[in-house]
Amino acid sequence: MEEKIAKLREMVDESQYIIFFGGAGVSTESGIKDYRSVDGLYSQRFAYPPETMLSHSFYVSHTEEFYDFYRAKMLAPDAQPNAAHLKLAELEKQGKLKAVITQNIDNLHQKAGSREVLELHGSAWRNYCQRCGAFYGIERIVESRGVPRCSCGGTIKPDVVLYEEGLNEETIARAIHHIRQADMLIIGGTSLVVYPAAGLVRYFRGKHLVVINKGETSADAGAKLVIDAPIGQVLSQL
């Protein structure tokens, strides 16, 4: 492990345009469960499969049940950034890291101080009225019961990408731009099985491709460095 950490440090030192692409594993050290590990969200038993309850059609047809699940399992307003979030924010301040591209909706990168954060799947911290467009923070959802309503009577919807919904095209375009410009891409805390987000890594043509994840990913074969370990534990040693 020490040899791999030293190699990672060397790569970071010689790179000038680093991009980080991360998933749920980045936030597990902050106490937020991931999705596909043995004790992850998708391994738990619910009345419906989680993928169903997090779909657009379920949101429309079973709105109150959607919110019961969403409040209980998807929100973590008190979670704090871990060593991975803090190190990435530090690298950005140094001018090394140009952007964080995340599949997470937990706002922890911003809490840590990162400024250029591209949220592929939206954010639980942004919510809007589907009738009048009024904006609400996460507290409005946490404190509500049943279906959260706007003062105008409209339904408040989280600004997150549900199954069956498309990703934001502007966010995708910015992510592709950054990945194409990068001389180093660090993939961390993601199994790379959720598409189309995972497909963005194919745009990388830089020098150093690094994967830091607990378990294998589809990018391992093409990576210059693969570290099978918790990402916070790894990045804290840089």
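Figures for the structure shown
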read-out	value
VAL193, sole failed condition from (1) open to solvent by 40 Å² or more (accessible area, probe 1.4 Å); (2) at positive phi; (3) within 16 Å of the chain's Cα centre (by Cα)	(2)
Spans of helices (runs of 4 or more DSSP H) in segment 36-144 with at least 3 residues open to solvent by 60 Å² or more (accessible area, probe 1.4 Å)	56-61, 63-73, 83-93, 138-143
Verdict on ASN104 being touching a helix residue (DSSP H, G or I) at 6+ places or on another chain (Cβ under 8 Å), farther than 19 Å from ILE19 by Cβ and not charged (D, E, K, R)	no
Considering residues of segment 154-190 that are small (Gly, Ala, Ser) and either closer than 26 Å to LYS96 by Cα or not in a loop (DSSP other than H, G, I, E, B) (or both) only, the residue most open to solvent (accessible area, probe 1.4 Å)	ALA173
Selection count where residues are part of a helix (DSSP H, G or I) and surrounded by fewer than 21 Cβ atoms within 10 Å (Cβ to Cβ), scope segment 201-238	6
Only one of GLY188, GLY133, GLY166, GLY199 that is in contact (Cβ under 8 Å) with a residue 12 or more places away in the chain and of a type outside the set (A, V, I, L, M)	GLY188
Unique residue being at pLDDT below 95 and either farther than 22 Å from GLU116 by Cα or out of contact with any Pro (no Cβ under 9 Å at 6 or more places or on another chain) (or both) when the list is SER15, SER43	SER43
Boolean, VAL193 is closer than 27 Å to MET74 by Cα and part of a strand (DSSP E or B)	no
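The values are calculated or read from the model by the stated rules, or taken from the named source; none is laboratory data. None of the values given here were measured: they were computed from a predicted structure. A quick note on method: Cβ atoms are made from the backbone with ideal geometry, for glycine too, and the neighbour counts reach across all protein chains shown. Note: areas computed on protein heavy atoms with side chains; ligands, DNA, RNA excluded. Shrake-Rupley method; radii C 1.70, N 1.55, O 1.52, S 1.80 Å.
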